[in-house]
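The values are calculated or read from the model by the stated rules, or taken from the named source; none is laboratory data. This one's a predicted model, so the numbers in the text were calculated from it and none came from an experiment. Using ideal geometry, Cβ is built from the backbone for each residue, glycine included, and neighbour counts are taken over all protein chains shown. Side chains included, ligands, DNA and RNA excluded: accessible areas come from the protein's heavy atoms. Shrake-Rupley method; radii C 1.70, N 1.55, O 1.52, S 1.80 Å.
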Amino acid sequence: TSFREMLTFTAAYADDYSNSGVSSQYYAVDGSWDVGHEFNLSAGLGYSKFSVGTGDYTDWSLGLSRQFGPVEIALTYHDTDGSYVDEFYPDGASNAVVLSFNFGG
């Protein structure tokens, strides 16, 4: 496996983030590695920067997945150092463990 197959780099720009009138930039690196016994380890690190305010934050994730026939099952931990609060996140951004099932994707 080559370095190119293991890592993904992302750079994104929004000139009006969520109709807020604020521009934003997002940078991330994500990776996936075969760790044996048909399991894959994934990890990600991202950074969001905004043109106004002090809402910049870092996000990260760490997960383990395995293919079972046509279904991939993954257990992933997501977290951030942000304190983002709005109508969708009234308690602010927080950590979460997510169990996902991907059928035939």
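Scanning segment 55-97 for residues that are of a type in the set (Val, Ile, Thr), modelled with pLDDT of 85 or more and surrounded by 12 or more Cβ atoms within 10 Å (Cβ to Cβ) gives Thr58, Val71, Ile73, Thr76, Thr80.
For segment 48-63, a tally of residues being hydroxyl-bearing (Ser, Thr, Tyr) and within 20 Å of Asn19 (Cα to Cα) returns 4.
The set of residues in segment 16-54 being in a loop (DSSP other than H, G, I, E, B) and either under 26 Å from Thr76 (Cα atoms) or at pLDDT 95 or above (or both) consists of His37, Glu38.
Of all the listed residues (Val35, Val52), the sole one being open to solvent by 60 Å² or more (accessible area, probe 1.4 Å) and closer than 19 Å to Gly82 by Cα is Val52.
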